[in-house]
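The values are calculated or read from the model by the stated rules, or taken from the named source; none is laboratory data. Computed from a predicted structure; not experimentally measured. Reconstructed Cβ throughout: ideal geometry from the backbone, glycine too, with neighbour counts over all protein chains shown. Ligands, DNA and RNA are excluded from the accessible area calculation, which covers all protein heavy atoms including side chains. Shrake-Rupley method; radii C 1.70, N 1.55, O 1.52, S 1.80 Å.
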Amino acid sequence: MLSKNSLRKKFYSIRKKKYFDISKNFLQPINFILKKKKTRKVFLSIYYPMKFELNLINILKKNKLKNINLLLPKIYQNKQMKFHLWSLNDPLEVNSFGTLEPLKSKKIYVPDVMLLPLLAFDKNRNRLGYGKGYYDRYLSKTLKKNKRMIKIGIAFSFQKSKKIPFNSTDVKLDYILTEKGIL
Ligand code: ADP
Ligand code: MG
């Protein structure tokens, strides 16, 4: 089995080579998850795409979701991350990694449903991230109180790897959504 770092290199390169614009119906297979809350809007966390990540923002602009509050991650000290309310076209600011995040003035919420970017996944729904563990750290804290939070990895089908090494801090995903459907 390749190490996490070798796999990261391999899948960065594959994603760059095979990247394509995704259909606007991409999120349809998870509609049943997004419609669960009957008494209030669902808080759905997304990510602002970078480095050839599947572009959810374009999809959401073409296909507006109803009864959803969007959240975007913002980086904090000690490798922590929080999710702030954000609407399509709201302003963004650049963080120390050079990626875009919402403004601090927007309210913080814990997502009901989390859509996670990833470099690679396997059939057991293990996630290979970028090597900084931000999502693992956030989830180890919040899942204790929010056991029902649903974690969905967002990927192109070519990001599937035979087997991804994992350790005790790696949080397994509930679903993986690719252009070929839901796993
Ligand atoms: P990624 O999930 O981004 O692919 P890793 O799983 O390799 O990255 O994690 C990166 C680093 O973050 C590792 O050193 C890991 O030990 C650390 N880490 C992950 N989760 C936690 C946690 N809950 N508490 C403290 N450190 C963590
Ligand atoms: Mg991890």
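Placing +1 on the Cβ of every Lys and Arg and -1 on the Cβ of every Asp and Glu, with no other charges, gives the chain a dipole of roughly 440 debye about its Cα centre. Across the chain, the longest piece that holds none of the chymotrypsin sites (Phe, Trp or Tyr not before Pro) lying in DSSP loops with up to 12 other C-beta atoms within 10 Å covers 98-183.
Are any of the pairs K10/K61; K35/K147; K41/K104; K62/K151 more than 25 Å apart by Cα-Cα distance, and if so, which?
Violating the 25 Å limit, Cα to Cα: K10/K61.
Dividing the summed helix terms, -39500 (n - 2.57) for each DSSP H run of n ≥ 4, by the number of residues in the chain produces a 222 nm estimate of -5500 deg cm²/dmol to the nearest 500.
Its relative contact order, with pairs defined as Cα atoms under 8 Å and 6+ residues apart, puts region 1-142 at 24 percent. Based on alpha carbons, the Rg and Dmax found for region 4-182 are 15.5, 46 Å.
The slack in the chain from M50 to E179, taken as 0.36 nm per residue of separation less the alpha-carbon distance, amounts to 44.6 nm.
Per the 1.4 Å probe, what fraction of the accessible area of region 4-182, in percent, lies on carbon and sulfur atoms? If you can, show how the numbers build up before the last one.
Details: 5100 of 10070 Å².
C and S fraction of accessible area: 51 percent.
Cross-link partners of K37 among aspartates and glutamates, defined as those whose alpha carbon lies under 16 angstrom from its own and excluding same-chain residues fewer than eight positions apart: D112.
Normalised by the number of residues in region 32-92, the mean separation of alpha-carbon contacts (under 8 Å, six or more apart) gives a relative contact order of 29 percent.
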